[in-house]
Amino acid sequence: MSKFLPLLLFLLSCGGGKTPHVVGILQWTEEIEAYRETYRGVLDGLEEGGFSEAKNLKIIYINAEQKRERALKAVRTFLRQRADLIIALGTGSALAARALGLHIPRRLIQRVDNLYQ
């Protein structure tokens, strides 16, 4: 996760002073340990960079439960909430985010697969 930390912090710092920053995290399934570890790593990295829900961050976490429609609905929720950053954990999540969010400026759609293998 540490290689993504500078990118996450840079993107959040470009938010124009808006607080709290909104981060949408879409996880394809909770059944894959690597996705759970990556989610924890994202939270830890944000905390190390000075971002926490107690101070200046709102995290919207949604588990798609391996359902495309649920993933698409989650991305719509992130866009409606004006998320500063969208992180998609898993290929299915990344495809849903790309399908709905590619044209939206200032969004990061990060596919995280096989990080721990």
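Where a number appears in this text, it was derived from the coordinates with a stated rule and is not lab data. Fair warning: this is a prediction, and the values are worked out from it, not measured in the lab.
Could you please tell me the mean projected area of the C-alpha convex hull for region 51-95, averaged over all directions and given in square nanometres to one decimal?
On the way: hull surface 13.3 nm².
That works out to 3.3 nm², a quarter of the Cα hull's surface.
Return the long-range amide H neighbours of Tyr61 (sequence gap of 5 or more, or a different chain), with a cut-off of under 5 Å between placed amide H atoms.
Here Ile25 satisfy the definition.
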